Amino acid sequence: MMTGIIYAVIGLVGLGLIFAVVAKVSNIFKSVSPLIDAISKTDFDGLESEIATTPKSVSGMTSLCIPRITKDFPEFNWYEFKQKAENMLLSAFNAIEEEDASLIMNASNDLRSQVALIIDANQDAGVREIFREPKIHQTEIKDYRKQGGNCIIVLQSAVGFYHYKVDRSGSIVAGTNTVTTQKRYDTELVYVQDIDLVEDGQKALGATCPQCGAPIKDLGSKVCRYCGCGLTEINIKVWSINKFTEC
């Protein structure tokens, strides 16, 4: 009988100790939990901030392409064309934001047409596209190829900016003005080397009317056959910046 009582007492004491430990652990967890949440939020915020500020990597084929380019074009100055392409890209962002395609620099008629179409699309949607504080982190040559009567150099740039769209009242409807966005853009330089090959249907140059966007099949045309807009003849044997695309 006494032995049973002793075991019962020991069991009750043990059970009490277990409850005490559980309660202690629970209290510790309750006190630490906000700290864990704060650390997790800090880690997440830090990761989000790192993504927002880390430039995109670019396809760096510059060292491989330049010898091939200078073999074909000994006068080619990589740094000069890099600067022109970067200035064009920044001016394209400004032209889209200001809704004025004439503000774009170092651009072909085809590229101005591209920017004008973007502006028209934004206006039709009732929005204005903002590229605040654009910064080009790096530009490299991505590709060099000969196609038809053209020589084509593709540059790739890593760009960061605050990118968003606002409606006509100024309210943000897409994107954010508090976190930067990192993107990549390809810029295409075209040198029309042999117009005969181009006119034979092997063209790589996507010439379009700056007014209506219709394709220009005859590069010697002075007037668009669809809308009658006057055309500027495409320069032959001169490098021109033909288009840019987000990639």
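Listing for the model above:
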quantity: Meets criteria (farther than 23 Å from Arg168 by Cα and at pLDDT below 95) for Asp143; calculated: no
quantity: Flag for Asp167 being in contact with a strand residue (DSSP E or B) (Cβ under 7 Å, 6 or more places away or on another chain) and among the charged types (D, E, K, R); calculated: yes
quantity: Which listed residue, of Ile153, Ile119, Ile136, is under 17 Å from Thr181 (Cβ atoms) and either buried (at least 17 other Cβ atoms within 10 Å of the Cβ) or out of contact with any Leu (no Cβ under 7 Å at 6 or more places or on another chain) (or both); calculated: Ile136
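A quick yes/no check of all residues on (1) on the phi > 0 side of the Ramachandran plot; (2) assigned by TED's automatic domain parsing to the domain that holds Asn242; (3) in contact with a helix residue (DSSP H, G or I) (Cβ under 8 Å, 6 or more places away or on another chain):
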| position | (1), (2), (3) |
| --- | --- |
| Asp110 | no, yes, no |
| Gln114 | no, yes, no |
| Ile119 | no, yes, yes |
| Glu129 | no, yes, yes |
| Glu133 | yes, yes, no |
| Glu140 | no, yes, yes |
| Arg145 | no, yes, no |
| Cys151 | no, yes, yes |
| Ser157 | no, yes, yes |
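Here's the yes/no breakdown for (1) touching a Lys or Arg at 6+ places or on another chain (Cβ under 9 Å); (2) part of a helix (DSSP H, G or I); (3) of a type in the set (D, E, K, R):
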{"residue": "Leu64", "(1), (2), (3)": "no, yes, no"}
{"residue": "Pro74", "(1), (2), (3)": "no, no, no"}
{"residue": "Glu80", "(1), (2), (3)": "no, yes, yes"}
{"residue": "Lys84", "(1), (2), (3)": "no, yes, yes"}
{"residue": "Ser91", "(1), (2), (3)": "no, yes, no"}
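The values are calculated or read from the model by the stated rules, or taken from the named source; none is laboratory data. From a predicted model like this one, the values you see are computed outputs, not experimental measurements. Every residue, glycine as well, gets a Cβ built from its backbone with ideal geometry; the counts of neighbours run over all protein chains shown.
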